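The values are calculated or read from the model by the stated rules, or taken from the named source; none is laboratory data. None of these values were measured; they are calculated from a predicted model. Here the Cβ positions follow ideal geometry from the backbone for every residue, glycine too, while neighbour counts run over all protein chains shown. Heads up: the accessible areas ignore ligands, DNA and RNA and are worked out on the full protein's heavy atoms, side chains in. Shrake-Rupley method; radii C 1.70, N 1.55, O 1.52, S 1.80 Å.
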Amino acid sequence: MTLLSTGCQGQSHLPSPEPVLGPSQPSGNLQEVAPPGAVLQLQTRLAGHRPRVTIQAPANGSLLPAGPWELTVSVEDWPLADAGPLGIGPHLVLQLDGEPAIRVTSNTLPIKVSMPQLGPGSHRLTAYAAFPWGEALKQPGASQQITLHRVAPNPLSLPAEGSPQLIPVPAARASSGQPVLIDWLLLGAPLQHLRDGDDSWRLRVTVNGDSFLLDRQAPLWLQGLHNGSNAIVLELLDQVGQPLNPPFNSVVQELELTADPLRGWQLGQLADDDLQRLLGVATAGPAELEPSPSPATPAAENLPAPPGSEPALPVEAAPLPPLAPPASLDSPASSPPEEPAAQQPGPAAASPAAPITEPAQPMSLPLTAAPPDQPPTPATTSASAPEPSAEASEPATAPWPEASLDQAPPRPRDLVNPDGTLVMPPSEGPLGRLRARFAR
């Protein structure tokens, strides 16, 4: 009995479980507020995107040499823009360890960024899609993390693979008197609030000494920070308040509030043109009116001459009067008209319509002979007609063709001998002809 009694009195009790921490609200000088109106506008316009970020090079676990190196990233279904004075639009953030974030707005794909030399050991590089105000997208595929090494890997400087990681997300801009964004990424942490009792982590946020707890991965906007430097501490805890995967999930940040001009997303309302610029969509200016189709402008030579002016005519050589047909034809009118002498290249290039033939007998031209004691008068031609400088197409004994006032002047072909020499004009009447014949 005594042993039993002693045994009952010495039975130890199990320690009571620690209470589960619940979320709390900001207190002290801090107050959670709604985001600016322009943020809600941009969120609505970007809600349909499902970005996918892929680090293409270097590969995960690469050992890099000394010196700068190049990072290649691709981004799908997410616009990248810079609106100038309105601030940056949707962009890509590159976070290497605890270094300042690199924001990329170039829309040239794939994205290539020159990175500084790594220090010896192991490093974490995180790339994620972000809204214009810096908030990270939490959708699957919107972020990726790789590890890189230089000189040699140092596994103890990295969190265990698959364990929860806290990645602080800095705001793109913080201005005095404006709500301040508090945001973060959780990698490898289980989802919560899918069923009762499944919560396993808490985030403790401390701003200038005032702390509160969050149990949902959602950004918040705070007011109550002062101008200048502000201390922000983010700690990932388990459900009872113990550090989760230390020392990697405790981060201290400095947030500097300045009196710089406001950016577009900090405004209460954005005009349509500004909204398009921040989204990377080129604003369409006033529609340019295309000129109505008009009939083709006629060439200058086809335009009608103005009244009182003479029409411009093409400059051509004056036509020559028609030459007399050969005497062998029955009627002069039955012969086709010859081309003007000005258009013939020369005596050797005669018109093929009237080939030169050598008759068996001397040609009798219908010319009126001059009196025996008077030399024949040469044919009168226009000023533009060629001088009769060719011999008739007759033997050397052919008489010089004479012309009368009622007859047309002889044709050039009648002034050329069969051998190509020119018929010499007689010096005087019949006696001159006899002398010329004996001379030949």
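The table that follows gives values for the structure above.
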{"quantity": "Subset of the stretch 225-246 [under 19 Å from LEU213 (Cα atoms) and of a type outside the set (A, V, I, L, M)]", "calculated": "ASN230, GLU235, ASP238, GLN239, GLY241, GLN242, PRO243, ASN245, PRO246"}
{"quantity": "Failed item, numbered, when GLN178 is tested on (1) open to solvent by 30 Å² or more (accessible area, probe 1.4 Å); (2) more than 46 Å from the chain's Cα centre (by Cα)", "calculated": "(2)"}
{"quantity": "Any pair with Cβ under 9 angstrom, 6 or more apart, that starts in the stretch 193-221 at a residue that is at positive phi and ends at one that is of a type in the set (D, E, K, R)", "calculated": "HIS193/ASP199; HIS193/ASP215; HIS193/ARG216"}
{"quantity": "Matching residues, the stretch 104-134, being closer than 24 Å to LEU255 by Cα and open to solvent by less than 10 Å² (accessible area, probe 1.4 Å)", "calculated": "LEU125, THR126, ALA127, TYR128, ALA129, ALA130, PRO132, TRP133, GLY134"}
{"quantity": "Boolean, LEU86 is modelled with pLDDT under 95 and either among the small types (Gly, Ala, Ser) or over 30 Å from GLY209 (Cβ atoms) (or both)", "calculated": "yes"}
{"quantity": "Residues of the stretch 95-130 classified as in a strand (DSSP E or B) and either basic (Lys, Arg) or within 16 Å of HIS149 (Cα to Cα) (or both), total", "calculated": "11"}
{"quantity": "Subset tally (residues that are hydrophobic (A, V, I, L, M, F, W, C), outside any strand (DSSP E or B) and modelled with pLDDT of 90 or more) for the stretch 241-264", "calculated": "2"}
{"quantity": "Selection count, the stretch 186-201, where residues are part of a loop (DSSP other than H, G, I, E, B), touching a Pro at 6+ places or on another chain (Cβ under 8 Å) and open to solvent by less than 40 Å² (accessible area, probe 1.4 Å)", "calculated": "2"}
{"quantity": "Subset of the stretch 105-125 [closer than 25 Å to GLY188 by Cα and in contact (Cβ under 8 Å) with a residue 60 or more places away in the chain]", "calculated": "LEU125"}
{"quantity": "Strands (runs of 3 or more DSSP E) wholly inside the stretch 19-68 that include at least 1 residues being closer than 30 Å to LEU267 by Cα, at pLDDT 95 or above and open to solvent by less than 30 Å² (accessible area, probe 1.4 Å)", "calculated": "52-57"}
{"quantity": "Scope the stretch 93-103; condition open to solvent by less than 50 Å² (accessible area, probe 1.4 Å) and hydrophobic (A, V, I, L, M, F, W, C); matching residues", "calculated": "VAL93, LEU94, LEU96, ALA101"}
{"quantity": "Qualifying positions in the stretch 150-163 - in a loop (DSSP other than H, G, I, E, B) and more than 13 Å from PRO247 (Cβ to Cβ)", "calculated": "VAL151, ALA152, PRO153, ASN154, GLU161, GLY162"}
{"quantity": "Residue check, LEU92 assigned to a strand (DSSP E or B) and under 25 Å from ARG277 (Cβ atoms)", "calculated": "yes"}
{"quantity": "Of all residues in the stretch 207-222 being more than 44 Å from the chain's Cα centre (by Cα) and closer than 17 Å to LEU257 by Cβ, the one that is surrounded by the most Cβ atoms within 10 Å (Cβ to Cβ)", "calculated": "VAL207"}
{"quantity": "Positions within the stretch 58-110 being farther than 15 Å from SER143 by Cα, of a type in the set (Val, Ile, Thr) and touching a Ser or Thr at 6+ places or on another chain (Cβ under 8 Å), in sequence order", "calculated": "ILE88"}
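A quick yes/no check of all residues on (1) over 23 Å from GLY264 (Cβ atoms); (2) among the acidic types (Asp, Glu); (3) modelled with pLDDT under 90:
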| site | (1), (2), (3) |
| --- | --- |
| THR126 | yes, no, no |
| ARG150 | yes, no, no |
| GLY177 | no, no, yes |
| VAL180 | no, no, no |
| ASP196 | yes, yes, yes |
| LEU225 | no, no, no |
| ASN230 | yes, no, no |
